[in-house]
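One structure is given below, encoded as structure tokens.
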Amino acid sequence: MTFTDPLFLCCLLVAVLLYYLLPLFVRPYLLLALSVAFYLTWGVEQLYFILAAAAIGWVWGLLLQALVPAGDKKARITGGRKAGRILLLLLGILLLVGMWVYAKYGEEILTLMKDASFSLNLRLIVPLGISYYTLSVIGYMADVYLRKIEAEKNPIAFLMFMFYFPKILQGPIDNYRDLGPQLKVGHRADYKGFCFGAQLLLFGLFKKIVIADRLSVFLGNIFADSSKVSGSILVLALLLRPLELYCDFSGCMDMAEGISELFGIHMAENFKRPFFSRTVPEFWRRWHITLGNWFKNYVYMPLAVSKFMIKLANWFRKTLGKRAGRIISVVIPLFVVWVLTGLWHGTGVSYLIWGLYWGVLIILSTIFAPEFTKLRKRMKWEEKGGAYHALQIIRTYLLFAVGRWITLESGLEVLDRIRDFKEFQIGDLFNYSSLFQFGLSEKQFRVMVLSLVMLFVFSLLQERGSVRERVAAFALPVRWVLYLGFIFFVIIFGYYGPGYDAASFIYMQF
């Protein structure tokens with residue numbers, strides 16, 4: 001069951017009504033029961049990994065807390081206590097990462113073992129949301145270790161954080177100090193918050209079932225046998241591929257955040273209109289924000305301020321100058337972050353190359369930032385000029401499209417097809433018989449284009465301020481006309497045709 005399943009939406013309505021009918025102190029336990037039930041719709045076997053991860057996180061948090069000297073919370077920890085806490089943290093991380101590696105790469109590992117004459121007949125599953133809750137638990141343990149928070153003593157409260165169903169499919173990767181306290185208390189009904197949550201849920205459904213599912217069918221049929229598709233159609237498909245991922249992933253995040261707001265709980269924002277970004281670093285500050293923050297807080301910063309990096313930067317500064325010292329203190333942590341990011345996103349060499357691709361782009365933009373500024377001034381490009389801004393946005397989008405091409409299984413075959421001038425056939429972009437043979441009729445294609453235009457307009461308005469606040473300022477009849485109109489648009493133009501799967505999100509079971 002997923003957020004787009006009609007059965008889920010019906011159950012959600014009942015759950016919200018029941019939540020606000022129950023006494024305040026009972027409401028957190030209802031959310032835990034609902035979350036466990038939601039998780040069980042994917043199978044009992046899914047529970048093993050998340051319960052193991054929860055047990056490790058909770059126990060390790062208490063052990064790390066126990067090694068903090070009593071009394072002064074700011075007292076420096078030295079000697080055996082310090083060494084013990086470091087070893088505990090590393091062991092906890094090793095256990096969690098080990099479970100993640102087994103779940104993600106276990107099939108390949110067992111295949112190798114079988115090839116080495118071992119007889120193994122195990123059926124492996126990739127537990128739902130394991131990549132997300134693994135990072136959440138590691139972040140929790142690191143925060144306890146760094147004494148940013150105190151360990152949670154109540155195991156039920158920790159299970160509420162682990163199982164909270166709006167974030168279990170695809171995140172966001174919330175930290176315990178922000179989300180945990182909200183889950184331990186019941187929340188009172190708030191009309192404005194309820195309306196805002198419903199709007200965000202509806203907007204996510206629009207992105208997913210109106211746009212992303214149509215793009216999925218269209219692009220899936222194109223890349224299924226790219227050797228028979230003209231180069232011009234393949235270029236169009238590569239340019240649309242980022243939009244498919246964005247509408248699918250951010251649509252799920254909008255639904256998750258909207259569902260959470262229905263219960264009065266606020267989760268971290270995970271997307272902030274990334275395709276309006278001017279630069280690659282800005283793009284990754286707007287795309288999958290919680291993942292970027294996690295790597296910044298728990299990988300980049302610890303590396304950047306480590307004794308090794310400080311010594312290395314000082315050596316470069318004395319030997320090659322101040323700029324070299326600054327560069328090396330940024331380049332090495334960024335390189336590590338993007339190698340790990342590539343491995344986190346998927347198996348295979350292509351994802352490692354994808355991580356290195358983004359790492360190199362960000363490193364180059366950091367190293368040569370002064371030169372880029374001088375070049376812009378020499379070329380007399382106005383930084384705030386509309387034309388220059390538009391060129392930056394287009395450039396960033398194209399760089400992201402190249403990144404999506406890297407992870408495409410048939411990427412080299414697609415590139416060869418595009419490079420073959422004789423097979424490019426630009427006329428196919430204007431030939432209905434060519435364009436509408438990939439699963440979408442002319443009417444379906446027009447709906448997709450119209451919906452993308454609508455999404456662009458919504459996003460442009462969001463860049464200039466909160467659309468939800470603007471709608472809330474309208475008179476009640478106007479608001480309800482807008483609500484009902486958009487609801488009927490999503491219901492009527494949602495894609496339910498061939499290839500539709502209500503249980504399908506790109507980053508599910510990730």
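The values are calculated or read from the model by the stated rules, or taken from the named source; none is laboratory data. From a predicted model like this one, the values you see are computed outputs, not experimental measurements. Cβ sites come from the backbone with ideal geometry, for glycine too, and all protein chains shown count toward neighbours.
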Filtered residues of the stretch 342-392 (kept if at pLDDT 80 or above and β-branched (Val, Ile, Thr)): VAL349, ILE353, VAL360, ILE362, ILE363, THR366, ILE367
Residues of the stretch 145-168 classified as among the aliphatic types (A, V, I, L, M) and buried (at least 24 other Cβ atoms within 10 Å of the Cβ), total: 1
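Residue by residue, here is whether (1) assigned to a helix (DSSP H, G or I); (2) among the β-branched types (Val, Ile, Thr); (3) on the phi > 0 side of the Ramachandran plot; (4) out of contact with any helix residue (DSSP H, G or I) (no Cβ under 9 Å at 6 or more places or on another chain) holds:
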site: GLU150; (1), (2), (3), (4): no, no, no, no
site: GLY171; (1), (2), (3), (4): no, no, yes, no
site: PHE196; (1), (2), (3), (4): yes, no, no, no
site: GLN199; (1), (2), (3), (4): yes, no, no, no
site: GLY204; (1), (2), (3), (4): yes, no, no, no
Candidates ALA33, ALA53, ALA70, filtered to the one that is small (Gly, Ala, Ser), more than 23 Å from PHE8 (Cβ to Cβ) and assigned to a helix (DSSP H, G or I): ALA53
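Can you give me the ranges of the helices (runs of 4 or more DSSP H) entirely in the stretch 321-437 with at least 1 residues that are closer than 30 Å to TYR132 by Cβ and hydrophobic (A, V, I, L, M, F, W, C)?
Values: elements: 322-345, 349-367, 369-378, 386-406, 411-419, 432-435.
Of the helices (runs of 4 or more DSSP H) lying wholly inside the stretch 321-437, those with at least 1 residues that are closer than 30 Å to TYR132 by Cβ and hydrophobic (A, V, I, L, M, F, W, C) span 322-345, 349-367, 386-406.
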Answer residue from the stretch 5-62, given it is within 26 Å of the chain's Cα centre (by Cα) and of a type in the set (Ser, Thr, Tyr) and is modelled with the highest pLDDT among those: SER35
Residue count, the stretch 250-279 (criterion: polar (S, T, N, Q), in a loop (DSSP other than H, G, I, E, B) and crowded, with 19+ Cβ neighbours inside 10 Å): 2
Some residue of the stretch 423-445 being touching a Ser or Thr at 6+ places or on another chain (Cβ under 6 Å), within 19 Å of PRO274 (Cβ to Cβ) and buried (at least 17 other Cβ atoms within 10 Å of the Cβ): no
Selection within the stretch 103-131 - within 26 Å of ALA151 (Cβ to Cβ) and either of a type in the set (S, T, N, Q) or at pLDDT 85 or above (or both): ILE130, SER131
Of all residues making up the stretch 393-419, the number that are modelled with pLDDT of 85 or more and either of a type in the set (Lys, Arg) or closer than 23 Å to HIS345 by Cβ (or both): 14
Qualifying residues in the stretch 420-461 (those that are closer than 20 Å to TYR496 by Cβ and hydroxyl-bearing (Ser, Thr, Tyr)) - the one modelled with the lowest pLDDT: SER441
